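First comes the structure, then the notes that go with it.
The values are calculated or read from the model by the stated rules, or taken from the named source; none is laboratory data. Just so it is clear, the structure is predicted and the values come from calculations on it, not from any experiment. Positions of Cβ are backbone-derived with ideal geometry, glycine not excepted, and every protein chain shown enters the neighbour counts.
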Amino acid sequence: MTERKPINCWLTDMDGVLVHEGQPVPGAKEFLSRLREAGKRFLVLTNNSIYTPRDLHVRLRAAGLDIPIESIYTSALATAQFLNNQRPGGSAYVLGEAGLTTALHEVGYVLTDLDPDYVVLGETRTYSFTAITTAIRLIDKGARFIATNPDPIGPSNEGSLPATGAVAALITKATGVEPYFVGKPNPLMMRNALNTVGGHSEETAMIGDRMDTDVVSGMEAGLYTILVLTGVTSRGEIERYPFRPQRVADSIADLVDMVDLPDLATG
């Protein structure tokens with residue numbers, strides 16, 4: 001077993017950990033302040049591909065959380081990096097919002113419905129039947145199917161909304177083609193995040209609110225995993241999974257004092 005080093009780098013999910021329905025989770029501001037005071041590297045991760053990091057910076061600041069643009073990493077960025085590595089200068093038909101289209105444009109991708117290399121499915125609040133039909137027909141013609149994340153539902157003030165994973169299932173049912181999901185729990189996103197923040201797995205902690213994306217991806221990447229109960233996972237649901245986080249906390253407020261601990265395992 002690799003000996004774990006003191007935690008000098010922190011990765012944290014956004015929705016359900018730092019914010020909930022647009023409001024900061026109690027303790028989030030204090031946790032981020034402690035990271036800065038302690039000189040710890042950190043990155044906020046989200047499977048939400050709707051917004052660009054700049055958009056999220058502004059939205060989080062309005063909620064009272066000042067997070068630098070360069071400290072925000074989305075599944076849209078991970079998807080663009082993946083496609084650029086696989087097929088530089090390629091083309092894609094995109095179902096998604098500005099976060100995804102901007103990321104693809106920035107790596108030199110052409111967005112088109114004319115014989116694209118890929119169909120790329122991301123998060124949007126305005127899924128169009130016409131656009132979904134176009135995606136199905138392009139996949140039938142040979143376009144490769146990529147999705148930013150597998151989350152089946154997303155939160156809203158009115159309740160759950162169908163998300164990327166649910167729409168991907170619809171397209172798969174129609175085409176028989178499974179997408180390649182780039183975002184969490186794909187360890188690829190975690191490795192990209194570590195490279196972005198300059199961290200190493202043995203000195204990095206991952207905080208999340210979901211067992212099926214945050215905890216499993218952190219575990220598979222060799223990170224110290226922490227589950228907070230301010231999101232979608234309750235304490236009782238933890239036992240349903242064949243793996244466990246290394247620590248469970250009621251909220252991120254309980255982790256503020258842990259930032260300075262030399263050894264999380266004994267803190």
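Details
- Look at (1) within 20 Å of Pro245 (Cα to Cα); (2) out of contact with any Gly (no Cβ under 9 Å at 6 or more places or on another chain); (3) part of a helix (DSSP H, G or I) and you find that Gly183 fails only one, number (3).
- Any hit, segment 33-47, residues being of a type outside the set (D, E, K, R) and farther than 22 Å from Thr204 by Cα: no
- Whenever a residue of segment 210-229 is assigned to a loop (DSSP other than H, G, I, E, B), its partners that are among the polar types (S, T, N, Q), lying with C-beta atoms within less than 8 angstrom and at least six residues away or across chains, give the pairs Arg210/Thr233; Ala221/Ser201; Gly222/Thr2; Gly222/Ser201; Leu223/Ser201; Leu223/Thr204; Leu229/Ser251.
- Residue match in segment 208-225 (condition: surrounded by fewer than 20 Cβ atoms within 10 Å (Cβ to Cβ) and either closer than 30 Å to Thr133 by Cβ or outside the structural domain of Gly22 (by TED's automatic domain parsing) (or both)): yes
- Check on Ile50, without any contact (Cβ under 8 Å) to a residue 60 or more places away in the chain and under 19 Å from the mean Cα position of the chain (by Cα): no
- Residue, farthest from Ala174 (Cα to Cα), within segment 79-137, restricted to residues that are in a helix (DSSP H, G or I) and among the charged types (D, E, K, R): Glu106
- Selection status of Phe129, outside the structural domain of Val19 (by TED's automatic domain parsing), surrounded by 19 or more Cβ atoms within 10 Å (Cβ to Cβ) and among the aromatic types (Phe, Trp, Tyr): no
- Residue in segment 138-145 that is closer than 21 Å to Ile50 by Cβ, outside the structural domain of Leu255 (by TED's automatic domain parsing) and not charged (D, E, K, R) present: yes
- Here Asn8, Asn48 are screened, and the one residue that is in contact with a strand residue (DSSP E or B) (Cβ under 9 Å, 6 or more places away or on another chain), farther than 16 Å from Met190 by Cβ and surrounded by fewer than 18 Cβ atoms within 10 Å (Cβ to Cβ) is Asn8.
- Where Arg191 falls short, out of the listed (1) of a type in the set (Lys, Arg); (2) surrounded by fewer than 17 Cβ atoms within 10 Å (Cβ to Cβ); (3) in a loop (DSSP other than H, G, I, E, B): (3)
- Taking segment 177-190 as the range and being more than 12 Å from the chain's Cα centre (by Cα) and either closer than 15 Å to Gly122 by Cα or outside the structural domain of Gly142 (by TED's automatic domain parsing) (or both) as the test, the residues that pass are Glu178, Pro179, Tyr180.
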